[in-house]
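First up is the structure itself, then whatever we jot down about it.
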Amino acid sequence: MTNKFIIALDQGTTSSRAVVVNIKGEIIAIEQQEIEQIFPESGWVEHCPIAILETQLSTLKKVIKKAEIHPKEIVGIGITNQRETTVVWNKNTGKPIYNAIVWQDKRTANSCENLKKKGLENHIKQTTGLVIDSYFSATKINWILENVENAREEAEKGKLLFGTIDTWLLWNLTDKKIHATDYSNASRTMLFDIKNLCWDEKILTALTIPKSMLPKVNPSSFHFGNYKIDGFKIPITGIAGDQQAALFGQTCFKKGEAKNTYGTGCFMLMNTGNDIQFSKSGLLTTIAWGIDNKIFYALEGSVFIAGAAIQWLRDGLKIISSAEESEIFASEVEGENPVIVVPAFAGLGAPYWDMYARGAIFGLTRDTGKNHLIKATLQSLAYQTKDLLIAMQNDAETKLTSLKVDGGASNNDLLMQFQSDILDCIVERPKITETTVLGAAYLAGIYVGLWSKEDILSFRKIDKEFSPTFSSEKREKLYKKWLKAVERSKDWID
Ligand code: ADP
């Protein structure tokens, strides 16, 4: 019997990665290459689409060699990607007409204000599930059409194509044949009607984007096309945006299951099943994935400053020399920590949405030392996560019983224990925290019949489970203090 493998590509903001996954769901080889970050002006962030493609193809080829597998043993390819990042290219030459405008790029803030002035806020929320923001692809496409010479005429003649990074990769991997994306990526463009599953004419008209530029939208587990290696045709059978892929990789298959990624920021997503739940608390509604002829939706909330606050302790205050050290210092604080840090360095996101708030430290006394400050900064990640989770539970009208975690700071046991204590819910850290790339592999493997969802659930091994130890009085008292601190840090900038 020949061996069977899935290859998953993870095109992220800082690097392109490729992994080989065996039939037991184990990652047997990884290759990674960084990509250059281009900052042409303040607030602008770009990537070179050719560099994205080349690094991704190079890691793909290298990982096959590294794993010592034969192309005929690869039964499917999955793709996951940085979301919202926008590429526009010429259909005939295959050349991008401008650099990729990255999700972080703020150049279209004015264009977003114009959409609000046109009174489109409610329509956009109801059809796309999103709030109007420069983060999403829609205004970035409009910017390229307005600012690149001849772009608008060419687009109107049907000569240009738009894609998020998955679409750009897919088109190139399929020899410039397939122009498509999946539901999860489409739902991040701010152009896609997540209920009727089609591009929204009203938003396209408002931003004068010709429909001919847009990709076909398919389920996330689907035969998108084939990639040829050494004469062998390998089907590309899974695509999902990175956060949705991580939700799938964490096996949050059922309604009410949620994951939180603790990276530079935090990204929390909750599977809300086949129903669209609109948020009353400033969370986003998005498509989690399309699979087995069904659409699964998710609520999404993010914290701007999470691991970044630990970086501030290390690089700004220089009171720790590595992120890991934060755990050692914090564990030296005995009893309750009287200090609270609100890391609103860039304002407050969901559920507060106050861009005028700034960071603050509360509860200082003569005996406050650096360990208190370090512990309070770590705890702020857990408090912010609780803020999001409360909003999510209210919107989805369900109570979470366990939170699945990943990302760099999820390796901090002290933080994870406090997270469980303050949430009053089990926190579950898997052995393999490469959940994003695994999610793409799973979507691809399910389509080709390599695995069932049950197989995938059986692959999941828990590294550590954290259970709540606080009494409800203690939990409520501490959380009240946090809320009081947040109130006082609001509206600081005039
Ligand atoms: P990203 O994908 O956003 O770059 P990662 O998942 O690689 O993030 O996580 C890196 C972030 O996690 C950094 O901001 C770092 O400060 C934080 N971090 C990493 N390890 C720890 C730790 N043991 N304790 C606390 N924070 C940590």
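The values are calculated or read from the model by the stated rules, or taken from the named source; none is laboratory data. Not measured: the values here are computed from a predicted model. Backbone-built Cβ (ideal geometry, glycine too); neighbour counts: all protein chains shown. Please note that ligands, DNA and RNA were not included when accessible areas were found on the heavy atoms of the full protein model with its side chains. Shrake-Rupley method; radii C 1.70, N 1.55, O 1.52, S 1.80 Å.
Structure notes:
- With every protein chain in place, the range 5-240: carbon and sulfur % of accessible area (1.4 Å): 49 percent
- Each stretch of four or more DSSP H residues adds -39500 (n - 2.57); spread over every residue of the chain, this sum gives -10000 deg cm²/dmol at 222 nm.
- Taking 14 Å as the straight-line reach from the Cα of LYS233, the aspartates and glutamates in range (excluding those fewer than 8 positions away in the same chain) are GLU73, ASP175.
- Placing unit charges on the Cβ atoms of the charged side chains and taking the dipole of the chain about its Cα centre, the candidate lying farthest along the positive direction among THR435, PHE459, SER187 is SER187.
- Contour minus Cα-Cα distance for ASP494 and ALA346 (0.36 nm per residue): 51.9 nm
- Most positive-pole-ward Cα, LEU160, PHE232, ALA206, against dipole of the range 5-240 from beta carbon charges: PHE232
- Near GLU476: Cβ cut-off under 15 Å, other residues only, Lys/Arg at +1 and Asp/Glu at -1. The net charge is +2.
- A Cβ-based charge dipole, computed about the Cα centre of the range 418-494 with Lys and Arg at +1 and Asp and Glu at -1, lands at about 260 debye.
- In this structure the chain gives 41 Å² per residue of accessible area when probed at 1.4 Å with all protein chains present.
- Surface composition of the range 362-494: carbon and sulfur make up 49 percent of the accessible area, probe 1.4 Å.
- Cα-based reach from LYS255 at 18 Å (exclusive), listing aspartates and glutamates while leaving out same-chain residues under 8 positions away: ASP275, ASP292, GLU300, ASP395, GLU397, GLU428, GLU454
- Computed log10 I(q)/I(0) for the chain at 0.06, 0.08, 0.11 Å⁻¹: -0.27, -0.48, -0.92, from the Debye equation with unit scatterers placed on every C-alpha and solvent omitted.
- Taking the charge dipole of the chain about its Cα centre, with +1 at Lys and Arg Cβ atoms and -1 at Asp and Glu Cβ atoms, the residue from SER16, GLY290, ILE6 reaching farthest to the positive side is GLY290.
- Protection proxy ranking of 189-196, 350-357 - average other beta-carbon atoms within 10 Å, highest first: 189-196, 350-357
- Local electrostatic count at GLY301 - Lys and Arg +1, Asp and Glu -1, tallied over other residues with Cβ under 10 Å: -3
- Cβ crowding within 10 Å averaged over residues, with 221-232, 122-133 ranked highest first: 122-133, 221-232
- The charge dipole of the range 115-204, taken about its Cα centre with unit charges on the Cβ of Lys, Arg, Asp and Glu (plus for the first two, minus for the last two), comes to roughly 200 debye.
- Environment charge of LYS318, counting only residues whose C-beta is closer than 15 Å and scoring Lys/Arg +1, Asp/Glu -1: 0
- Peptides 10-17, 304-311, 161-168, 44-51 ordered by packing proxy, namely the average of other Cβ atoms within 10 Å per residue, highest first: 161-168, 304-311, 10-17, 44-51.
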